[in-house]
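Right, one structure below, let's go through it.
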Amino acid sequence: MAEHLLEVRDLSVRFHTARGVVNAVNGISWHLDRGETLAILGESGSGKSVSASAIMNLIDCPPGEITSGQILFEGRDLLTLGGEARREINGRRIAMIFQDPLSHLNPVYPVGWQIAEAGMAHGESRHDAYARTLELMRRVGIPEPDAAMKKYPHQFSGGQRQRLMIAMALVLKPDILIADEPTTALDVTVQAEVLSLLEELQEETGMGLLLITHDLGVVAEAADRAVVMQGGRIVETGTPRELYHNAQHPYTRKLLAAAPGKGAMRQADERPAPILQVRGLTKSYGAFTALKCADFDLRAGETLAVVGESGSGKSTVARLILRLEEASGGEALWKGEDLLKKSHRQMAPLRRQLQMVFQDPTQSLAPHMSVFEIISEAWAIHRDILPKARWRARVTELLEQVGLQPEHADRYPHQFSGGQRQRIAIARALALEPELIICDEAVSALDVSIQAQVIDLLGRLRDELGIAFIFIAHDLPVVRDFADRVLVMQKGEIVEQGPVTEIFERPRELYTQRLLAAGLDADPDVQAGRRAARLALAG
Amino acid sequence: MSSMLGKRAVSSFISLMVLIVLVFFLSRLTGDPAALYLPVDASEEMRQNFREIHGLNDPVLVQFGHYLADLVRFDFGDSLRKARPALEVVLEAFTWTLELALITMALVTAAAIALGSLAAFNIGSPLDRIASLLSLIGASAPDFWIAIVGIVLFSVSLGWLPTSGTGSVWHWILPISVLFIRPFGLILQVVRGSMITALGSAYVKTARAKGVKNRPIIFVHTLRNAMLPVITVIGDQAAALLNGAVVVETIFGFPGVGKLMIDSILQRDFNVILAAIMVTALAIFVMNLLIDIAYALLDPRIRT
């Protein structure tokens, strides 16, 4: 049997926490060869990052404890090596990059120094390390690398920061690069660029790439092989094609079924009259224009998706309509009345018709209030909706409507999972019986399977209650499944709008085409087509 | 950066003005200096004469006007008690306080950062437990009691150190040691907490994955980030010392500004009170400015 570059054998890790022992991974085994890309696929809590942390000696013991297994790198078991020997390997032989490069770069040092430090920590001279840094910064596509070396992490964009992290990892030409959710926080177009960069660098250096991800699309795009993890165990291993077409384990099948972007698209109903007409909506911050003359209509009961990359102004639209910020110009006619001209007192009764669900339910739900208090607070403000005696019964009803239990009413937000919290946020919005709910990236932070459930819930509410949605999202497959009409934004302007079928099947604008081509699909064959389209558009 | 400092200067100037008004009128409320400075059996004529010389007969607002006019020329008037310019008296005392404060804070900062960092890196170790215990004791120790016990032990019983006054290096040891304890306890706690947070941060994970050694991880990657909250506390503690460590200065007969202020208030030496407050306020303003600059130097996100 040929020796693998890296092999994890029967690894078990557990953590001693205040709530008892948590088995993070249980007897997992996998291997990685030179020049190969292995993906570890799993949802949050599956233990997909734990073996990488064990390889890099990043598990703090205690509270962590490695109870069994071996990690063989060139025939040596890393777990039995001393601290100094492992430090020698880190960065030099095996390097790692992380999700959220902003927090993973030291905020107070220039990026050039941070990249060069990877060399200097392993004995390279200052001169050599800086020369290599400059070369790598150019290689990963940082503009004006000479000047950029002296800048600090906060002065770069998200995609550039991830490129800097990649440069840092490659200073010593490692044999293995571990990438932990390297593109999760990035825009789709940037995600595609970063994945191609990793692939090119892998071809140049022949390194083994371990890609940890929750995204089936990333697996389809980049992996040679994938292992699927659930609850600390590997449930299935195979090539992306095998997994997609011939999944054996029920969990893999469930994940694939939950992947959005596969269902029938909705046919936009052109008959109802518009309830919201936005004309020339504009917002400037000093000289910077965040939103330029946006015009669009929303019909009763319709779902309008607003898509675009970060900074495109899609959240600004929502904040202006709800008067969370003041517009610089334009009008937003809600049933004929201009919302932007209302005083705050006049706005108050209208607010019950317009509700919002935010991206991060952990931050948007008050931590010291029980679920009952969170949901019923609206009735304390809008007193005519419901007499106090009926509050309890109505909260129970709403919780059941969003798929929670009546006894959840007396718990606090931290006692729920992310998906449950988002259900609470939806119940809170429903309490006012709104006619329009604006969802700002409401499902972006959720795991795929949870995301599918929440989308189902929103779809049911739309059909049962006739609520209109403005659905702000960067995730195109979700939009494809959920929206009636789509509005594509770029740099504060609406570049294209139309029925979902038009936008997805016959996009007119180059930007929309690029956006669609950059999106990753769980089907490796579809993804190969996308990739070709992306390269054609770029070329 | 410079605009921030400019704004700071303007707002500090306004607070200084408010302070002048408050202190001037409040000190007038403490009573008539003539009653204190003249013999009990002084005649009404002598009292009138005294008030006339010191301008105490004018309406309060007129007195305030004179005072402001003099201030512009840095003339704080004369000390009633010492018959010397008030500013001179204050600056003399303030020099002592400044020296005491600077030496103490330098020692506190060095000791707290070193011990706090090591404790944070070896969390749960005996060293960490000792550091936590020391910091708890330090932060809660009453300084007047420590001062007296210190005198009893080291000066009276052992006879190693002088009880009070100034004159030699030995005279500084007890006051500095007593002043050291509380800020040391507080800052040690903040350093430890802030270092623990910083050591758990994502960029430390990156550094470990790069193969950076432990010592640079602590002293290069973590410390500079952890210093940001610590600097604020160092500033607060230094300000307290600059204000004059009233209790400690009084117990050790140390001729600093804290002792001077208490004496001047008790003796209604208005000009000295006002001068002392202005000088310490200015010192605290300068120190806050230094802290802002230190912040900007440590954190590029503030600078750029």
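The values are calculated or read from the model by the stated rules, or taken from the named source; none is laboratory data. It should be emphasised that the depicted structure is a prediction, and the values quoted were computed from it without experimental measurement. Backbone-built Cβ (ideal geometry, glycine too); neighbour counts: all protein chains shown.
Just give me the residues in segment A:176-185 being surrounded by fewer than 24 Cβ atoms within 10 Å (Cβ to Cβ) and assigned to a loop (DSSP other than H, G, I, E, B), in sequence order.
If the condition is that a residue be surrounded by fewer than 24 Cβ atoms within 10 Å (Cβ to Cβ) and assigned to a loop (DSSP other than H, G, I, E, B), then A:GLU181, A:THR184, A:ALA185 are the ones that fit.
Taking the stated definitions as given, is B:LEU91 assigned to a helix (DSSP H, G or I) and under 30 Å from the mean Cα position of the chain (by Cα)?
Yes, satisfied.
Go through the residues of segment A:495-511 one by one and say whether even a single one is touching a strand residue (DSSP E or B) at 6+ places or on another chain (Cβ under 9 Å) and modelled with pLDDT under 90.
No, that holds for no residue.
The conditions are (1) modelled with pLDDT under 90; (2) crowded, with 18+ Cβ neighbours inside 10 Å; (3) farther than 24 Å from B:LEU266 by Cα, and B:ALA112 fails exactly one of them. Which is it?
Answer for B:ALA112: the failing condition is (1).
In segment A:431-445, how many residues are within 15 Å of A:LEU304 (Cα to Cα), crowded, with 23+ Cβ neighbours inside 10 Å and at pLDDT below 90?
1
Which members of segment A:22-53 meet the condition of being over 20 Å from A:VAL218 (Cα atoms), at pLDDT below 90 and of a type outside the set (S, T, N, Q)?
Those that are over 20 Å from A:VAL218 (Cα atoms), at pLDDT below 90 and of a type outside the set (S, T, N, Q): A:VAL22, A:ALA24.
Can you pull out the residues in segment A:512-530 that are out of contact with any Asp or Glu (no Cβ under 7 Å at 6 or more places or on another chain) and crowded, with 20+ Cβ neighbours inside 10 Å?
A:LEU515, A:LEU516, A:ALA517, A:ALA518, A:GLY519, A:ASP521, A:ALA522, A:ASP523, A:PRO524
Going by what's in this entry, would A:VAL495 be described as buried (at least 20 other Cβ atoms within 10 Å of the Cβ) and either among the polar types (S, T, N, Q) or farther than 15 Å from A:GLN267 by Cα (or both)?
no
Does A:LEU298 satisfy the criteria of being surrounded by fewer than 13 Cβ atoms within 10 Å (Cβ to Cβ) and of a type in the set (A, V, I, L, M, F, W, C)?
The answer is no for A:LEU298.
Going by the conditions given, is B:SER27 in a helix (DSSP H, G or I), outside the structural domain of B:ASN271 (by the TED database), exposed (fewer than 13 other Cβ atoms within 10 Å of the Cβ) and among the small types (Gly, Ala, Ser)?
The answer is no for B:SER27.
Counting only residues that are away from chain A (no Cβ under 13 Å) and of a type in the set (Ser, Thr, Tyr), which one in segment B:175-204 is farthest from A:VAL171 (Cα to Cα)?
So, considering only residues that are away from chain A (no Cβ under 13 Å) and of a type in the set (Ser, Thr, Tyr), the one farthest from A:VAL171 (Cα to Cα) is B:SER177.
Looking only at segment A:141-157, which residues are in contact with a Leu (Cβ under 6 Å, 6 or more places away or on another chain) and crowded, with 20+ Cβ neighbours inside 10 Å?
Of everything in segment A:141-157, just one residue is in contact with a Leu (Cβ under 6 Å, 6 or more places away or on another chain) and crowded, with 20+ Cβ neighbours inside 10 Å, namely A:PRO153.
On the basis of being small (Gly, Ala, Ser) and within 26 Å of A:GLY280 (Cα to Cα), does A:ALA522 make the cut?
no
Can you name the residue in segment A:35-94 that is more than 11 Å from chain B (Cβ to nearest Cβ) and acidic (Asp, Glu) and is also nearest to A:THR205 (Cα to Cα) among such residues?
Result: A:GLU36.
Restricting attention to helices (runs of 4 or more DSSP H) lying wholly within segment A:321-430, give those where 2 or more residues are at pLDDT 90 or above.
The helices (runs of 4 or more DSSP H) meeting that bar are A:371-381, A:391-401, A:418-430.
Tell me which residues, restricted to segment A:88-107, are over 16 Å from A:LEU209 (Cβ atoms), hydrophobic (A, V, I, L, M, F, W, C) and within 23 Å of the chain's Cα centre (by Cα).
Within segment A:88-107, A:LEU102, A:LEU105 qualify.
Kindly check whether there is at least one residue in segment B:205-225 that is more than 14 Å from chain A (Cβ to nearest Cβ) and among the hydroxyl-bearing types (Ser, Thr, Tyr).
No - not one qualifying residue is present in segment B:205-225.
Take the residues of segment B:247-304 that are touching a residue at least 40 places away in the same chain (Cβ under 8 Å) and within 14 Å of chain A (Cβ to nearest Cβ): which is nearest to A:PRO107 (Cα to Cα)?
The residue in question is B:ASP299.
What are the pairs with Cβ atoms under 6 angstrom where one residue, in segment A:187-202, is assigned to a helix (DSSP H, G or I) and the other, located anywhere, is among the β-branched types (Val, Ile, Thr) and crowded, with 20+ Cβ neighbours inside 10 Å? Sequence gap at least six, or different chains.
A:GLN191/A:THR183; A:VAL194/A:THR183
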